[in-house]
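Before any comments, here is the structure.
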Amino acid sequence: MRKRVIFITGASGEVGQALLRALAQNPQNQLLTMDLHPLPPELRALSAHVEGDLLNMRLLARLVSEYEIDAIYHLAALLSTRAEIQPEEAHQVNVEATLQLLKIAADESQWRKRPVQFIFPSSIAAYGLPDRATKAHFQRVREFEWNQPRTMYGCNKLYCEQLGSYFSRHYRQLAVEQPPTIDFRSVRFPGLISADTLPSGGTSDYAPEMIHAAAQGIPYACFVREEARIPFMVMPDAVRALLLLACAPRQRLTRQIYNVTSFSLSAAQIRTRVLAAFPDADVTFRPDVKREAIIDSWPADIDDSAARMDWDWAPAYDVDRAFSDYLIPRIKERYTRP
Ligand code: SER
């Protein structure tokens, strides 16, 4: 008998660590995690962890022979800045590995005669506005608008949203036998900010980097100009969004890809909040025009009314609560802990 598990890829990453903690709170969840890197020591008891590459087909085949996969949270990805530096590698990790996992989910669904759930975090990077004037004009975009990404990562996410939808509706549509269906659900996240971890290789990283640097008394030069603006969300809300979407009754879902967001801030507004908490912080602006152009192509805000309507999504942390109840106290504690 294979052991039934929830499978989390990219588990050592920012969202992965937070999601693993949350899923492990329910003792009924048996968790299988995978990442190129080990889990941090404090999380190691929470799952069976496999250190390895998702592109290693033999390894994946071995996992499927040992485990019956109930649900997949596929978080592994190269983020937007890193993907511009290594676009072909990004395509392999972000697209080809996703295709393999979708196929595994489809095979498992057919074998079990029940759809495997496939939860896929997508991104604001799936949008691409052509210039600052257009961004100023279209303040809050809906899921189907401006889907012309300018980054490899954005292209990868947008395509994998489509691949997931295809696998859940039309995969093997010409086969004689009943085609397998998977239960594919995706959220498009804004920039994410965690108090416990720092991102690497993203373009929205200036926000968490600024706050964490200030808390440590390290000078920070922000790589976008003061007016650059995108929406953000704190990590507990990101995890809640994934879990709420996973729990939503399927018949209530009117789409497979949903925007979720919390607050929209310019880089200058983030600095103001950082200075209110850390008055001696040394935060300056030294824009990197190329990374800033990526931020300028992402919308100033996204419209998440479909998620609010269909599965009662609402962030628990608005901007005030995000800073006063989560980011500032927790980051302060993190850097003063002996
Ligand atoms: N945070 C991601 C990045 O900056 C966007 O989803 O790449």
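Each reported figure results from applying straightforward, stated rules to the coordinates on display, with no laboratory input. This structure is a prediction, so every number in the text was calculated from the model and none was measured. No Cβ is skipped: glycine too gets one built from the backbone with ideal geometry, and neighbour counts run over all protein chains shown.
Points worth noting:
- Crossing angle, helix 267-277 versus the chain [Cα axis fit, 0-90 degrees, rounded to tens]: 70
- Against the chain, whose longest principal axis is taken from its Cα atoms, helix 97-112 shows a tilt of about 40°.
- Protection proxy ranking, peptides 15-21, 274-280, average beta carbon neighbours within 10 Å, highest first: 15-21, 274-280
- For CYS222, the residues whose modelled amide H falls within less than 5 Å of its own, excluding neighbours fewer than 5 places apart on the same chain, are THR284, PHE285, ARG286.
- Phi angles of region 61-73 translate, via the Karplus equation with coefficients 6.51, -1.76, 1.60 and θ = phi - 60°, into HN-Hα couplings of 4, 5, 4, 5, 6, 9, 10, 8, 8, 7, 8, 10, 9 Hz per residue; Gly and Pro are given as x.
- In this structure the amide hydrogen of ILE8, modeled in the peptide plane, comes within under 5 Å of the amide hydrogens of LEU32, THR33, MET34, TYR73, none closer than 5 places in sequence on its chain.
- Residues TRP111, TRP313, ranked from the fewest to the most other C-beta atoms within 10 Å, line up as TRP111, TRP313.
- Amide hydrogen proximity for VAL260: with H placed 1.01 Å from N in the peptide plane, the residues at 5 or more positions away or on another chain lying under 5 Å are ARG188.
- Sequence-ordered 3J(HN,Hα) estimates for region 217-227 from the Karplus curve with 6.51, -1.76 and 1.60 and θ = phi - 60° stand at x, 9, x, 9, 9, 6, 8, 10, 6, 3, 7 Hz, glycine and proline given as x.
- Globularity ratio of the chain, using Cα Rg and 2.2 N^0.38 Å: 0.99
- Neighbour counts of C-beta atoms inside 10 Å place PHE232, PHE285 in the sequence PHE285, PHE232, starting with the fewest.
- GNM result for the chain, Cα springs below 10 Å: residue of LEU245, LEU59, LEU99 fluctuating most strongly: LEU59
- Simple point charges give the picture: +1 on the Cβ of Lys and Arg, -1 on the Cβ of Asp and Glu, and for the chain a dipole about the Cα centre of about 700 debye.
- Top of ASP183, ASP320, ASP35 by mean-square fluctuation, Gaussian network on the chain, Cα under 10 Å: ASP320
- Long pairs among LYS3/LYS113; LYS113/LYS157; LYS135/LYS290; LYS3/LYS157, criterion Cα-Cα beyond 24 Å: LYS113/LYS157; LYS3/LYS157
- Remark: spin-label model distance ASP53-SER324 equals 5.0 nm, labels positioned 7 Å along the Cα→Cβ axis.
- Within the chain, percent of DSSP bridges classed antiparallel, to nearest 5: 10
- Mean Cα-pair separation over length for the chain, i.e. relative contact order, pairs under 8 Å, 6 or more apart, %: 18
- Here the Karplus relation 6.51 cos²θ - 1.76 cosθ + 1.60, evaluated at θ = phi - 60°, turns the backbone of region 314-326 into coupling constants of 7, x, 7, 10, 7, 4, 5, 5, 4, 7, 7, 9, 10 Hz, with x for every Gly and Pro.
- The order of GLU14, GLU177, GLU333, GLU89, going from fewest to most other C-beta atoms within 10 Å of their C-beta, is GLU177, GLU333, GLU89, GLU14.
- Residue among ASP325, ASP237, ASP301 with the largest mean-square fluctuation in a Gaussian network model of the chain, springs linking Cα atoms under 10 Å: ASP325
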